[in-house]
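Heads up, the thing below is written out as structure tokens.
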Amino acid sequence: MAAKIKKGDNVIVLTGKDKGKQGEVLSIKVADAKAVVQGINMVKRHTKPTQFQAGGIVEKEAAIALSNIAIVDPKEGKATRVGFKTLEDGKKVRVAKLSGEVIDS
């Protein structure tokens, strides 16, 4: 099955404490159906010092469920669903349902 959300996409959070915030997808965890989004779902981790890194409280992004995020429409700037379309040259691309704009470059 083709991925509707990919690494590098600009997404908006639909539910939760970060509702309405936008960020770039840093990674996708396909098996868990989760994504890590830049600046979203920030958590604090207490880390021990190692030979290469100082210890302390580190703030980083935690994974968020794919069902709680949506792609931002490139034309409208709002949340949109994703569809697929085959171009004349046979290439399959992702399309924003809201405006019909092609998401893949």
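Every number here is computed from the coordinates shown, using simple stated rules; none is lab data. For clarity, every value in this text was computed on a predicted model and none was experimentally measured. Methodologically, a virtual Cβ is constructed for each residue, glycine included, from the backbone with ideal geometry; neighbour enumeration extends over all protein chains shown.
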For Lys85, go through the aspartates and glutamates and keep the ones whose alpha-carbon is under 19 Å away, minus same-chain ones fewer than eight residues off. Asp9, Asp73, Glu101, Asp104
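Count charges around Val30 for me, please; just the other residues with Cβ under 13 Å from its Cβ, Lys/Arg as +1, Asp/Glu as -1.
Numbers: positive: Lys4, Lys6, Lys7, Lys29, Lys34; negative: Asp32.
Around Val30, the surrounding residues sum to +4.
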Taking each pair of different alpha-carbon atoms in the chain once, compute 1/r for the pair, average those values, and report the inverse of that mean as the Kirkwood hydrodynamic radius in Å to one decimal. 15.3
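Set the bar at 22 Å for Cα to Cα. Now go through Lys17/Lys78; Lys4/Lys29; Lys34/Lys91; Lys6/Lys97; Lys6/Lys48 and name every pair that lies beyond it. Before the final figure, lay out each step's value.
Details: Lys17/Lys78 19 Å; Lys4/Lys29 13 Å; Lys34/Lys91 27 Å; Lys6/Lys97 17 Å; Lys6/Lys48 33 Å.
Long pairs (Cα-Cα over 22 Å): Lys34/Lys91; Lys6/Lys48.
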For the chain, with +1 on Lys and Arg beta carbons and -1 on Asp and Glu, the positive-most of Ile57, Gly100, Leu14 along the dipole: Ile57
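Treat every Asp and Glu Cβ in the range 1-66 as -1 and every Lys and Arg Cβ as +1, leave all other atoms uncharged, and give the resulting dipole magnitude about the Cα centre to the nearest 20 debye. Each step should come with its number before you reach the end.
Working: 12 positive and 6 negative charges, 25 e Å.
Value, rounded to 20: 120 debye.
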